[in-house]
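See structure below.
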Amino acid sequence: MKKKTLLSILSFITFSVFLTSGIFADPLKLDVKEYVLKNGLKLLMLEKHDVPIVCLRINYKVGSVDERPGITGVSHLFEHMMFKGTKIFGTKDYNAEKPLLDREDELVMKISAEKNSGNVADKKKIESPEKELEEVRKKLRDLVVKDEGFSLYLRHGGSGLNAATATDGTYYFCDLPVNKLELWAFLESDRMKNLVLREFYSERDVVMEERRLRTENNPFGLLVEQLNAVTFIAHPYRWPTIGWRSDVQNITKSETAEYFKKYYAPNNAVIVAVGDFNPADMIKLVEQYFGDIPSQSAPPRVKTVEPEQKGERRVEIEFDSNPYIAISYHIPEVGHPDLYALDVLSSLLSDGRTSRLYKSMIEEKRIAVMAHAYDQIGKYPDTFTFIAAPRTPHTVAEVESAFYDEIEKLKNTPPSDWELQKIKNQLEADFIRDLNSAAGLANEIGHFEVLSDWRYINTFMDKIAQVTADDVMRVAKKYLTKSNRTVAILVKKENNNKTKETKENSKPEKSTVTY
């Protein structure tokens, strides 16, 4: 997801409101207080006393990038499992439930082993355990209390209850009245200590249905999945956050439990609190409820480095849909100085009705119904992507050629001073809107802490202010090159004719699932 930045004094009045609320230590610098427990759990606190609410986030530094072939999608699946309750919540009687859960696992493994034996599978050996499995599951259903923790939050004024899985992190959201903080601490520490993987197999089926809906039967989702799979040939950014179908179908409960133990440890988590509270009281509360959770060995970081791309890659996907085109270019990871110029570049191309892509491809040439460019900031080197849908009767070849024309203009002609300042003002206004609430502040702080460091936010204004027209030209020449790009085209399934290749410009200069 593209992260925007602060700049000039256009929204001075908005910032004046912020400054009077005391959330900045210095002008435009967030005054976030840090505290780290002995078990490694990090607590980030930002006071905002305008309303008696606290926006709370528990973020884990684990996402699909940390998976491996065979268990892709486990991060997203586990996000679902975090809402299934604990030994205390979600069950009428855990002591009665536990042996049934164990027996369910035994029967599932037995049936799976027999089915996987191929032609020699004995149907009689499958029928009996399947019958018993259904009886066990009926007893389990009678013991489950659906969404008990969720209901508790709602009854006590909770809102914004949600979670999301991305490539680099998993995020859990909750906004509560300030007088309900202890309820939050009790519920969330219990999830970290005593999670129970109940309804695992039915929830795995739910994720499969989600995959069918969002990817397999969705032209845009399918296009992006295939684009990433070809853009990255080595790095785990190549597989989808929701996971490959065969992996999701076959992930076991034991693999999921092992994943939880390794990555859902306090030393791999960060709590963000923004709102009407006293930091000393918050520290005391978090110590009381989370302090006794043992840390784990530091989880491994991804070692695989995506090799430099040496030439254009192309993929064509057949699907019963109107055509789409997507083009990705490799760009650096979070913290690289070129990202600020790339952020300006994407806004120049794609933000609003005065952007270059909108004016050229939608308003003037009228060859596309949608045309966007966006840069993705990742913990590891990610992508700058163009995506468009042609307007009938125009073709993806025309749209692709128009994209390259706009890129060549950027390489050879700098944006005007007026255009550059307009983009900087837009970036500032957009980012201010993101920070105009406690929830927005908590989201941004937590997101950047997962990627690298929350202080990244405090550098945005200064770094964007330093971007020049020459910087925009430089990054366009450096990254938006033929040898560095991957093109994915979605065509109607019944049309077997290859989409015409776009003629190259004569002077190319080359190279984040909500539950």
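Which of the residues belonging to the stretch 242-259 are open to solvent by less than 40 Å² (accessible area, probe 1.4 Å) and out of contact with any His (no Cβ under 9 Å at 6 or more places or on another chain)? Scanning the stretch 242-259 gives D247, I251, T252, K253, T256, Y259. When restricted to residues that are open to solvent by less than 60 Å² (accessible area, probe 1.4 Å), closer than 22 Å to K477 by Cβ, not in a loop (DSSP other than H, G, I, E, B) and not hydroxyl-bearing (S, T, Y), the stretch 389-425 contains 13.
Yes/no matrix, rows are residues, columns are (1) hydroxyl-bearing (S, T, Y); (2) at pLDDT below 95; (3) touching a strand residue (DSSP E or B) at 6+ places or on another chain (Cβ under 7 Å):
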site: L342; (1), (2), (3): no, no, yes
site: L345; (1), (2), (3): no, no, no
site: S355; (1), (2), (3): yes, yes, no
site: E363; (1), (2), (3): no, no, no
site: R366; (1), (2), (3): no, no, no
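So, of the residues in the stretch 57-66 that are open to solvent by less than 10 Å² (accessible area, probe 1.4 Å) and under 18 Å from Q296 (Cα atoms), which turns out to be nearest to the chain's Cα centre (by Cα)? Of everything passing the filter in the stretch 57-66, G63 is nearest to the chain's Cα centre (by Cα). When the stretch 433-454 is filtered for residues that are surrounded by 19 or more Cβ atoms within 10 Å (Cβ to Cβ) and over 20 Å from T165 (Cα atoms), the ones remaining, listed by number, are L435, A438.
Scanning the stretch 269-316 for residues that are over 25 Å from L441 (Cα atoms) and aliphatic (A, V, I, L, M), which turns out modelled with the lowest pLDDT? Looking at residues that are over 25 Å from L441 (Cα atoms) and aliphatic (A, V, I, L, M), I get A298.
Residue-wise test of (1) over 15 Å from L140 (Cα atoms); (2) outside any helix (DSSP H, G or I).
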site: G70; (1), (2): yes, yes
site: S75; (1), (2): yes, no
site: H80; (1), (2): yes, no
site: K84; (1), (2): no, yes
site: F89; (1), (2): no, yes
site: A96; (1), (2): no, no
site: L101; (1), (2): no, no
site: E106; (1), (2): no, no
site: A113; (1), (2): yes, no
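If you filter the stretch 1-33 down to residues that are surrounded by 13 or more Cβ atoms within 10 Å (Cβ to Cβ) and assigned to a strand (DSSP E or B), you find that the one that is modelled with the lowest pLDDT is F24. The set of residues from the stretch 260-278 being within 19 Å of the chain's Cα centre (by Cα), of a type in the set (A, V, I, L, M, F, W, C) and open to solvent by less than 20 Å² (accessible area, probe 1.4 Å) comprises A269, V270, I271, V272.
The values are calculated or read from the model by the stated rules, or taken from the named source; none is laboratory data. Note that this is a predicted model, so its numbers are computed, not measured. As a convention, Cβ positions derive from the backbone with ideal geometry for all residues, glycine included, and neighbour counts pool all protein chains shown. Only protein heavy atoms, including side chains, enter the accessible area calculation; ligands, DNA and RNA are left aside. Shrake-Rupley method; radii C 1.70, N 1.55, O 1.52, S 1.80 Å.
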